[in-house]
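For reference, the structure is listed below as structure tokens.
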Amino acid sequence: RSASGKAMLANDPHLALNTPSTFYQNHLRTRRGGLDVVGVSFPGVPFVVLGQNRRVTWGATVNPLDVTDTFQEQVVLDGSSPSGLSTVYLGTPEPLIPIPETFRYNVVGDGVPNNRELALPGSTVGGVFIPPVTLIAPRRNNGPIINIDLATGFALSVQYTGFGATREIDAFRMLNFAKGLDDFQAGLQFFDVGSQNFAYMDTDGNIAYFTSAEMPIREDLQAGTISGLPPYLIRNGTGGNEWAPVTNPQPHQAVPYEILPFDEMPKLINPASGYFINANNDPTGNTRDNNAFNELRPGGGIFYLNPGYAIGTRAGRITRGFEERLAAGPLSREDMEEIQADVVLLDAQVFTPLILQAFENAQSAAAHPLLAAIASDPGVAEAVGRLEGWDFSTPTGVVEGYDASDKSGARAAPSAGEIEHSIAATIYSVWRGRMIGNTIDPVLDAIGLPRPPSSLTMTALRNLFDSYDTQFGLGASGLNFFNVPGVSDPLARRDILVLKSLQDALDLLAGPQFTEAFGGSTDQDDYRWGRLHRIVLDHPLGPPFDTPPAGGAFPPSFPDLPGLAVDGGFGVVDASSHSARADSSNDFMFGSGPSRRYIGESNRTPRGINGQTTLPGGASGVLGSPLYANILGRWLTNDYYEVRQRNRDVKQSAESKQLFLPRRE
């Protein structure tokens, strides 16, 4: 399906965007032994984590397998236990093991650096209680007791697959040396913890998708039922919810419990469609019907991976981008670049038509007086006009901002169209938060329930609108989320809340919560998205090490606002999300996103893989070094540099060289 006829792979895992960057570049090559791999790694990992050798290339993103359970335990005094305490399982006490730990803390405010004191067990330091010991429950894969109440005899424990020895380093070693698909799959058998979506491509033209990590089998689910609460809530530690003992050991298994066989894990090899897409979304559709427990394993038992995934805005947008481009012809490398840089709000494509429809309904002679009054507000009418002409993109709209339309970090003045789309992006993004604030949040607040996170909130809002013709704003709980005092007509309530949220958004933008960004202006021309959507790449030591200012080498976009103005927004492909409830000048900033962008294309030459990449930072962590943030500009404007793997290419582009030799006795 590619223009070159070669296989391509694009990957951009999303992690914290900090200074220095989370990943660092790494090229490992041996004169003998067949190792020549280049990519990125984490400090302390002796191999390339994501990268390419001469035959294969791979990328990865997080797959949220449910490999952790929290248990409510019954705790009893037990003189035979080393800790004096035991948990009770099926009526039998099981000792809790005490682990002494030493905690030290720095005395703050005395002007003495590294002035550490011992935190005495049982004391409280800075409001933090220092436990006498850490209690370990052997039944929980040696997991800890995280809360205990001896008066009631209850405690909470945590069981996690990663509490035992695992072999991810072996997995990376094998991936680095892999010469083909079989080698790569063999390496994944050692990737035990830290579940990932792995994307694979090789010079033979193979493409493949794998989910990798060891997934525990729960005894009740394997028996075809949920005993008590499901695994994503607190489970019963006294029996019935255990991780099953090993009865079908898997090759190179590390976790000492029954696990899902690799063949039952989600995977795809050379699909008939010619491509696959994953953006942290559900890879199997197991949760599409909102029930993660209604599918079965081939030999019986509930097939369960996780209760939920990313809501699909990015995967949906990528899929649409593929389909539109493939309808016109094969995909090129440039197409892959454009898709990685996509900053269109998919949720806006769903909800903006509802705003326009509500405004149109308000023009009817039969419209409710309150609806008509809101629509008669000149500001509302102007905002609706802007949304009507919007293409749902999120450019910064300012010359100080970094957009994918800019080149190699060099900023250019925005076009008139970019400015208009930028203003619409601001208006819609503030409307989103007000729509939530006028529907879901007040209803939950009134009955003392917590507000769900952004992704679940947007899913709920979409569901309420999709079902409105039959449910009229009622959720499955029977709660009415579309309340307007004195208005009985459900359709009028819906339209009133939609337009009232737009009016509220305009009032908010002109009010004190946005004074930093817009100075109280009521002129919608001032509402440029880049004044809100910004990033600071934090350093552990704070300013001046943060970027910006990077010691003055990379100043902020605006002298009166923190951070760098960047295109993007909630749920876009070029991940740069903020809270869906954002409602002030600095609430639309983001701190996680593509920690490495990469596109590789297979090439049956000695070069093997043609790769291009970029990182959010530089190669040096030394403030003042010209390499401190020298790559950042390209990352901000979605541009790349060549992955140099051949020795001559590396030498030609090298600026300096350091040679380390082992000391000979």
Of the conditions (1) in a helix (DSSP H, G or I); (2) of a type in the set (Val, Ile, Thr); (3) in contact with a helix residue (DSSP H, G or I) (Cβ under 7 Å, 6 or more places away or on another chain), Thr319 satisfies every one except a single condition; which number is it? (3)
Can you tell me which condition Asn281 does not meet? The list is (1) out of contact with any strand residue (DSSP E or B) (no Cβ under 7 Å at 6 or more places or on another chain); (2) surrounded by fewer than 16 Cβ atoms within 10 Å (Cβ to Cβ), and all the others hold. (2)
Is it fair to say Asn286 is closer than 25 Å to Lys6 by Cβ and polar (S, T, N, Q)? no
In the list Gly187, Gly180, which residue meets the criterion of being more than 29 Å from the chain's Cα centre (by Cα) and either at pLDDT 95 or above or within 26 Å of Pro283 (Cβ to Cβ) (or both)? Gly180
Somewhere in region 267-275, is a residue out of contact with any Cys (no Cβ under 7 Å at 6 or more places or on another chain), farther than 30 Å from Tyr89 by Cα and charged (D, E, K, R)? yes
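Here's the yes/no breakdown for (1) assigned to a loop (DSSP other than H, G, I, E, B); (2) within 23 Å of Gly409 (Cβ to Cβ); (3) touching a helix residue (DSSP H, G or I) at 6+ places or on another chain (Cβ under 9 Å):
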residue: Asp583; (1), (2), (3): yes, no, yes
residue: Glu601; (1), (2), (3): no, no, yes
residue: Gly611; (1), (2), (3): no, yes, no
residue: Leu623; (1), (2), (3): yes, yes, yes
residue: Leu627; (1), (2), (3): yes, yes, no
residue: Gly633; (1), (2), (3): no, yes, no
Check Val48, Val88, Val75 and return the single one that is at pLDDT 95 or above, within 30 Å of Ala550 (Cβ to Cβ) and either part of a strand (DSSP E or B) or not small (Gly, Ala, Ser) (or both). Val48
Scanning region 284-321 residue by residue, those more than 21 Å from the chain's Cα centre (by Cα), surrounded by fewer than 15 Cβ atoms within 10 Å (Cβ to Cβ) and of a type outside the set (S, T, N, Q) turn out to be Asp289, Leu296, Pro298, Gly299, Gly300
Counting residues that are farther than 26 Å from Ala575 by Cβ, which helices (runs of 4 or more DSSP H) fully inside region 431-471 reach at least 3? 440-446, 468-471
Subset of region 448-471, residues farther than 17 Å from Arg581 by Cα and either crowded, with 16+ Cβ neighbours inside 10 Å or in contact (Cβ under 8 Å) with a residue 24 or more places away in the chain (or both), comes to Leu464, Phe465, Tyr468, Gln471
List the number of the failed condition for Ser577; all other conditions in (1) part of a loop (DSSP other than H, G, I, E, B); (2) within 19 Å of Ala279 (Cα to Cα); (3) in contact with a helix residue (DSSP H, G or I) (Cβ under 6 Å, 6 or more places away or on another chain) hold. (3)
Which number in (1) buried (at least 18 other Cβ atoms within 10 Å of the Cβ); (2) at positive phi marks the one condition that Gln524 misses? (2)
In region 342-388, which residues are in a helix (DSSP H, G or I) and either aromatic (Phe, Trp, Tyr) or within 30 Å of Arg597 (Cβ to Cβ) (or both)? Leu346, Asp347, Ala348, Gln349, Val350, Phe351, Thr352, Phe359
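Yes/no per residue for (1) on the phi < 0 side of the Ramachandran plot; (2) among the small types (Gly, Ala, Ser); (3) within 28 Å of the chain's Cα centre (by Cα):
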| residue | (1), (2), (3) |
| --- | --- |
| Gly79 | yes, yes, no |
| Pro82 | yes, no, no |
| Ile97 | yes, no, no |
| Pro113 | yes, no, no |
| Thr124 | yes, no, no |
| Ile136 | yes, no, no |
| Ala155 | yes, yes, no |
| Phe172 | yes, no, yes |
| Asn176 | yes, no, yes |
Filter pass, Val430 being out of contact with any Pro (no Cβ under 9 Å at 6 or more places or on another chain), over 28 Å from Asn281 (Cβ atoms), at pLDDT 95 or above and of a type in the set (Val, Ile, Thr): no
When you look at Val398, is it at pLDDT 95 or above, hydrophobic (A, V, I, L, M, F, W, C), surrounded by 17 or more Cβ atoms within 10 Å (Cβ to Cβ) and under 32 Å from the mean Cα position of the chain (by Cα), yes or no? yes
Being among the charged types (D, E, K, R), in contact with a helix residue (DSSP H, G or I) (Cβ under 7 Å, 6 or more places away or on another chain) and either free of Cβ contacts under 8 Å to residues at least 24 places away in the same chain or more than 30 Å from Phe184 (Cα to Cα) (or both) is true for just one of Glu117, Glu73, Glu94. Which residue is that? Glu94
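Free of Cβ contacts under 8 Å to residues at least 40 places away in the same chain, polar (S, T, N, Q) and surrounded by fewer than 17 Cβ atoms within 10 Å (Cβ to Cβ): does that describe Ser592? Reasoning before the result, please.
On the way: free of Cβ contacts under 8 Å to residues at least 40 places away in the same chain: no; polar (S, T, N, Q): yes; surrounded by fewer than 17 Cβ atoms within 10 Å (Cβ to Cβ): yes.
Judged against the criteria, Ser592 is not a match.
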From the list Asp587, Asp583, which residue is closer than 30 Å to Pro453 by Cβ, buried (at least 18 other Cβ atoms within 10 Å of the Cβ) and either modelled with pLDDT of 95 or more or assigned by TED's automatic domain parsing to the domain that holds Met458 (or both)? Asp583
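The values are calculated or read from the model by the stated rules, or taken from the named source; none is laboratory data. It should be emphasised that the depicted structure is a prediction, and the values quoted were computed from it without experimental measurement. Please note: Cβ atoms are built from the backbone with ideal geometry, for glycine as well, and neighbour counts cover all protein chains shown.
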